[in-house]
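The values are calculated or read from the model by the stated rules, or taken from the named source; none is laboratory data. Keep in mind that what you see is a predicted model, and the values were worked out from it rather than measured. Here the Cβ positions follow ideal geometry from the backbone for every residue, glycine too, while neighbour counts run over all protein chains shown.
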Amino acid sequence: MNTCTKCGETSHAEAHTCKHCGTRLHKKTVDKLKQMPSTYLWQSVLVTILCCLPLGIPAIIYAAQVENRWRNGDIDGALRSSKNARNFAFFAFVIGLILHILHLAYWVFFIGVLSGGILSHYFGN
């Protein structure tokens, strides 16, 4: 049996829409009724501090929305906010990692040029 998230009526397990109000029943939503989705809050805070501030802030905002939406009965909204928080945190991590690697490579090259070690080794001065 599936329970409609809008009106609370139960429908047949194979039903795609609620027989009472016509709301589309999502299998994912029905499965998640028992447990709140992950907020990804600690991951969002961590990537905001260590990796990428511009993408970390939206991740924190979405992460903060999950529990509130869940408690207000907006299950689809909670799932959307959880997914958005996860995506923003992931992309903030990836972009931050790339930027940190590029920054490290820049300084290794810069110090090598200043010391003359890398260029003189390869170009023979």
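Of note:
- Within segment 60-79, the set of residues being among the β-branched types (Val, Ile, Thr) and buried (at least 16 other Cβ atoms within 10 Å of the Cβ) comprises ILE60, VAL66, ILE75.
- Residue list for segment 24-59, restricted to those being modelled with pLDDT of 70 or more, of a type outside the set (Phe, Trp, Tyr), surrounded by 15 or more Cβ atoms within 10 Å (Cβ to Cβ) and not in a helix (DSSP H, G or I): MET36, PRO37, THR39, CYS51, CYS52
- Only residues that are in contact with a Leu (Cβ under 6 Å, 6 or more places away or on another chain) and of a type in the set (S, T, N, Q) were counted across segment 51-74, and they come to 0.
- Matching residues, segment 6-18, being at pLDDT 70 or above and assigned to a loop (DSSP other than H, G, I, E, B): LYS6, CYS7, GLY8, GLU9, CYS18
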